[in-house]
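First up is the structure itself, then whatever we jot down about it.
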Amino acid sequence: MNFVVAYLAEAQPVIDYYDLKKVDHASIPLFQNDQHSLVLSGLGKNSATSATENLSRSTNNPNGGWINLGISGHGSLAKGDLFIAGKILDDNAKETFYPPQLYASSITVSTLKSCSKPSMEYQEGMGYDMEAHAFYKTACQFTTRELIQVVKVVSDNPSFPLDQFSPKDAPVMINQHLQRIDDLVKQIEETSNTFQIDDKVEEMFESIGKIHSFSVTRSHQLQELVRHAKNLNLDLGVIKEIAQSSTNAGDAIKNISEFLEPYRTLG
Amino acid sequence: MIDTIYIEEQIEGLSKYQEILSRFPKATVITCTHYKEIFNPSAQSFRLQKKKPALILAKQTGKLVHPIPKSYGVGGRHNFYFSHLLNCLYDCRYCFLQGMYPSAHYLMFVNFEDFEKEIKNISQSKTEPTWFFSGYDCDSLALESVTGFASHFLPFFKRLPNAWVELRTKSVATQILHAMDPLPRAVVAFSFTPQEISSQLEHGVPSVKSRIRAMQKLAKQGWKVGLRIDPLLECRNFEKRYSNLFRNIFEKVPEHAIHSVSIGAFRMPKGFYKKIEKQYPEEKLFAGNFKSQGGCIAYQRQIEIQLKQKSVQLLSQWINPDKVFKCQT
Ligand code: SF4
């Protein structure tokens with residue numbers, strides 16, 4: 001999972017929970033373990049955009065899941081409540097995002113507006129932050145929308161306005177929701193894994209690719225043939241043997257195609 | 001079944017919207033300016049959304065009723081389709097909707113009256129019978145409990161003297177049809193592949209047996225039923241499987257109740273096919289004996305001819321060939 005979080009106070013519970021280590025040589029404030037990466041973006045839209053872009057270059061898995069986590073104001077939810085953004089507006093941009101809500105979760109869904117300045121406005125049913133819109137717009141360049149979510153904890157509302165909020169409270173507020181956040185993280189990751197490239201196909205494709213000199217077009221044909229062989233439950237070792245006994249790339253494509261032909265019928 | 005409902009702000013006052021919303025008291029409701037904000041953006045995964053589609057309630061504008069490709073008809077001269085719903089409850093791996101739409105959310109157009117007006121105008125402008133197909137972009141009946149489509153439109157079609165309507169379905173949600181008198185100019189058309197194929201490719205679709213039962217019950221009640229063998233798919237034991245399928249159907253449903261049979265081999269615009277194949281790279285169907293021809297992916301010509309000929313021959317044991325229509329690739 002790739003986390004984009006504005007401040008260390010908001011990120012610390014996540015860093016502790018997943019045991020993320022600070023990456024010292026990184027040019028950005030980056031924390032990582034084998035599975036997760038977290039970047040501190042700082043405040044505001046431009047910071048969120050560049051942090052998301054930077055993280056996409058530093059993470060092992062830019063096409064995996066993305067979460068923007070932090071605190072936010074809200075017009076009607078109670079202080080300390082957790083919500084997930086079902087609609088993300090921006091005070092200066094026309095485009096609105098609707099993160100698809102595919103996950104089984106008890107987290108309240110709310111609209112969220114990203115503002116250019118800290119907001120003391122509290123419209124019924126509306127959350128307020130300064131990063132989510134820019135984060136979402138940027139993350140959409142790297143992966144599919146279903147895998148990008150924005151999760152916030154309410155720090156202020158009409159009864160406890162922003163000027164009464166102390167950033168020191170942020171870790172405790174986030175901490176109490178970590179279990180539910182982790183449930184969501186797991187679901188997003190599971191979903192994202194369904195997109196993983198089939199290693200066996202890739203390995204075999206690369207291995208056969210070294211036997212002959214395949215042009216770009218033939219290379220595409222070969223990749224498709226290896227994938228088809230796998231989908232037809234054929235032994236990929238046999239495909240390699242056919243390639244090895246072929247005289248050149250064109251001959252290999254022809255021979256593998258002919259070999260597959262009788263298996264191409266549905267079971 | 002539906003946890004999230006998106007609604008266009010402009011339809012909030014419509015009674016149809018209130019009626020649908022009341023069926024999902026626990027759903028999260030999110031407003032939008034236009035359905036395209038949700039349905040059309042790039043970087044969406046049809047495959048992932050299919051796990052849990054949301055419902056989008058919207059108003060369709062512009063032209064609502066469209067001429068249908070020539071090969072789609074079942075004997076009529078004037079053929080149109082209209083779509084109150086885009087996308088489907090089921091998940092057939094060969095379905096072209098997966099390639100056509102960027103989103104798998106159910107997009108329902110609630111302005112039924114506007115559809116009615118256009119259908120009425122078209123039907124009144126023709127002196128010959130005019131066909132209106134309702135299952136082009138969706139399954140006509142599968143989401144009846146949500147949309148109320150058939151219960152609304154069938155009484156309307158009953159009042160139009162020269163309009164024929166086709167409901168095309170793989171559903172057994174036929175209760176609404178049992179509750180009304182059969183319409184003389186309606187065809188309830190059921191699509192089939194043999195059960196062995198259906199189990200592999202038609203995810204979430206009721207069994208062949210239960211669909212035949214639904215068909216039989218409707219026929220008994222006096223509804224005209226149709227048989228849609230589309231897509232016809234090359235498979236192991238092709239002759240045996242299709243022969244069994246036809247026998248199972250015709251032993252239960254009398255020939256006279258069958259209005260028409262249409263047959264079409266698997267075919268799909270190349271762009272759609274590529275998009276679907278990319279989403280399901282592990283799918284065996286896409287390793288089939290297909291060729292790209294004229295912007296379409298279809299079986300190699302020879303295979304297609306064989307499949308069609310064989311199925312027409314098998315059908316001829318059961319039904320008058322005049323009732324059989326071949327969809328062209
Ligand atoms: S039933 Fe028809 S519309 Fe629905 S998924 Fe299957 S082919 Fe597509």
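The values are calculated or read from the model by the stated rules, or taken from the named source; none is laboratory data. Keep in mind that this is a model prediction, so the values were computed, not measured. Glycine also receives a Cβ, built like all others from the backbone with ideal geometry; neighbour counts cover every protein chain displayed.
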Cβ-Cβ under 9 Å pairs, at least 6 apart or on other chains, the range B:164-177 side more than 14 Å from B:PHE190 (Cα to Cα) and within 14 Å of chain A (Cβ to nearest Cβ), far side away from the ligand (no atom under 15 Å from the Cβ) and at pLDDT 95 or above: none
Could you look through the range B:84-98, keep only residues that are touching a helix residue (DSSP H, G or I) at 6+ places or on another chain (Cβ under 7 Å) and within 18 Å of B:VAL146 (Cα to Cα), and pick out the one that is nearest to the ligand (Cβ to nearest atom)? B:CYS88
For residues that are over 19 Å from B:GLU144 (Cβ atoms) and of a type in the set (Gly, Ala, Ser), tally how many sit in the range B:1-30. 1
Could you say whether any residue in the range A:104-121 is within 14 Å of chain B (Cβ to nearest Cβ), surrounded by fewer than 17 Cβ atoms within 10 Å (Cβ to Cβ), closer than 18 Å to B:THR31 by Cα and touching an Asp or Glu at 6+ places or on another chain (Cβ under 7 Å)? yes
Regarding the range A:158-173, can at least one residue be identified that is within 14 Å of another protein chain (Cβ to nearest Cβ), within 25 Å of the chain's Cα centre (by Cα) and farther than 17 Å from A:ALA48 by Cβ? no
Residues of the range B:115-142 that turn out to be part of a strand (DSSP E or B) and either within 16 Å of the ligand (Cβ to nearest atom) or not β-branched (Val, Ile, Thr) (or both), as a count: 3
Going through the range B:213-228 in order, the residues found to be more than 16 Å from the ligand (Cβ to nearest atom) and either at pLDDT below 95 or in a helix (DSSP H, G or I) (or both) are B:ARG213, B:GLN216, B:LYS217, B:LEU218, B:ALA219, B:LYS220, B:GLN221
The lone condition A:ILE181 fails out of (1) among the aliphatic types (A, V, I, L, M); (2) within 14 Å of another protein chain (Cβ to nearest Cβ); (3) under 23 Å from the mean Cα position of the chain (by Cα) is (2)
Of the conditions (1) farther than 30 Å from B:ASN237 by Cα; (2) over 30 Å from the mean Cα position of the chain (by Cα); (3) surrounded by 16 or more Cβ atoms within 10 Å (Cβ to Cβ), A:GLN244 fails just one. Which one is it? (3)
Picking from B:GLU251, B:GLU196, which residue would you name as being without any contact (Cβ under 8 Å) to a residue 12 or more places away in the chain and either among the acidic types (Asp, Glu) or touching a helix residue (DSSP H, G or I) at 6+ places or on another chain (Cβ under 6 Å) (or both)? B:GLU251
Residue by residue through the range B:258-297, note down the ones that are over 18 Å from A:LEU260 (Cα atoms) and among the aliphatic types (A, V, I, L, M). B:ILE258, B:VAL261, B:ILE263, B:ALA265, B:MET268, B:ILE276, B:ILE297
I'd like to know if the range B:168-185 contains one or more residues that are of a type in the set (A, V, I, L, M, F, W, C), over 21 Å from the mean Cα position of the chain (by Cα), farther than 23 Å from B:GLY62 by Cβ and more than 16 Å from the ligand (Cβ to nearest atom). yes
Here is a check on your reading of the model: is B:TYR299 more than 11 Å from chain A (Cβ to nearest Cβ), buried (at least 18 other Cβ atoms within 10 Å of the Cβ) and of a type outside the set (D, E, K, R)? no
Which numbered condition A:ALA252 misses (of (1) part of a helix (DSSP H, G or I); (2) farther than 16 Å from B:PHE290 by Cα; (3) in contact with a Leu (Cβ under 9 Å, 6 or more places away or on another chain); (4) within 14 Å of chain B (Cβ to nearest Cβ)): (4)
